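The values are calculated or read from the model by the stated rules, or taken from the named source; none is laboratory data. In this text the structure is predicted, and so the values were computed from the model without any measurement. Glycine also receives a Cβ, built like all others from the backbone with ideal geometry; neighbour counts cover every protein chain displayed. Accessible surface is based on the protein model in full, side chains and every heavy atom, while ligands, DNA and RNA are left aside. Shrake-Rupley method; radii C 1.70, N 1.55, O 1.52, S 1.80 Å.
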Amino acid sequence: MSNPGPATLIRRGVAAEWTRTTGRSFLWTVSVPLTFLLPLVVTFGIAAVAERLATLPGQSNVAAVSTTNSVYWVITLSVSVMMVTTAYAHATQWRGQTSDLNAFLFPRTWTVALARWIYYGIITAISIVVLLVVVMVTLPHQFPQIYGNVDITDSAGIRFLWTVPSYAFAACGVGVAVGSLIRSPSAAVAVLLFWVYVAENSLNLLPHGFTLQAYAPFLNAVAATGQQVAFLPRFGRNGSLLYFIAVAVALFVITGVLPILIRRLSGRRRTTLTKSGAT
């Protein structure tokens with residue numbers, strides 16, 4: 001019987017991940033709720049305080065918020081939560097009996113990595129779209145003094161609806177790559193959080209730091225979404241989003257596909273040398 005092809009293995013991997021996470025799993029009881037709750041609590045908490053200040057006498061100088069600055073916490077928090085969840089899930093597969101089972105079910109290990117990227121990426125993208133709609137629709141109605149200019153149908157709002165989910169989907173690929181490279185779940189999570197929140201923001205402290213920071217993947221991706229930040233995307237808005245996607249794909253290939261190719265080439269070379277020696 002012939003071995004299943006890559007497409008079959010990827011479908012099998014997505015189905016396996018769905019089965020593994022169905023019910024009271026960490027994904028549905030912790031990660032997805034946090035993906036929604038964290039940005040909603042922070043966004044509406046800040047909005048409530050700002051709206052209250054704006055209605056106080058003598059506070060007419062409180063600045064109104066435009067659409068470009070309305071979903072900052074969705075971009076900053078939700079994407080990171082699901083990215084580290086993906087990394088944790090993928091790094092877990094290398095531990096104990098799970099590693100043996102994966103090796104048996106998925107002889108081409110890159111297929112299960114890609115399946116996990118697709119599975120978590122789709123969940124993340126859908127969650128992000130729902131969050132964006134909720135935030136951009138609710139803010140101008142509930143907090144009109146400060147957020148009355150927020151409009152989901154203007155150019156910034158429409159851009160958010162496709163750039164942020166695209167960024168989130170690609171970020172899950174980075175999570176898979178880090179989980180492949182660092183096969184300790186807690187260490188993979190720590191590395192990602194350090195990279196996103198510390199390393200890229202601290203590059204400007206190094207010699208020629210601003211030049212290095214211009215190529216920071218996550219900073220470029222956030223700026224590319226249309227979010228108002230003090231960072232100019234190195235390759236323009238669309239170009240910087242494509243740059244981040246390219247980085248995600250490159251990391252996935254380097255950590256998930258290239259090692260397999262190297263092992264196969266080494267195995268074939270050893271086989272060839274063995275046959276040559278036998279003759």
Subject >> Solvent exposure, largest accessible area first (probe 1.4 Å, DNA, RNA and ligands not counted), of W18, W195 >> reply: W18, W195
**OP:** Determine how large the accessible area of H208 is when every protein chain is in place; take a 1.4 Å probe and give Å² rounded to the nearest 10.
**Re:** 150 Å²
Subject >> 5 angstrom amide H check on I182, placed H, neighbours 5+ away >> reply: none
Original post:
How much of I122 can a 1.4 Å solvent probe reach, expressed as accessible area in Å² and rounded to 10?
Top reply: 80 Å²
**OP:** With a point put 7 Å past each Cα toward its Cβ, work out how far R52 is from A7 in nm, to one decimal.
**Re:** 5.8 nm
Original post:
At N238 and V133, where each label point lies 7 Å from the Cα along Cα→Cβ, what is the point-to-point distance in nanometres?
Top reply: 2.6 nm
Original post:
Please state the relative contact order of the range 102-212 as a whole percent: Cα pairs under 8 Å, 6+ residues apart?
Top reply: 25 percent
Original post:
Rounded to the nearest 10 Å², what accessible area does F235 show when all protein chains are kept and the probe is 1.4 Å?
Top reply: 90 Å²
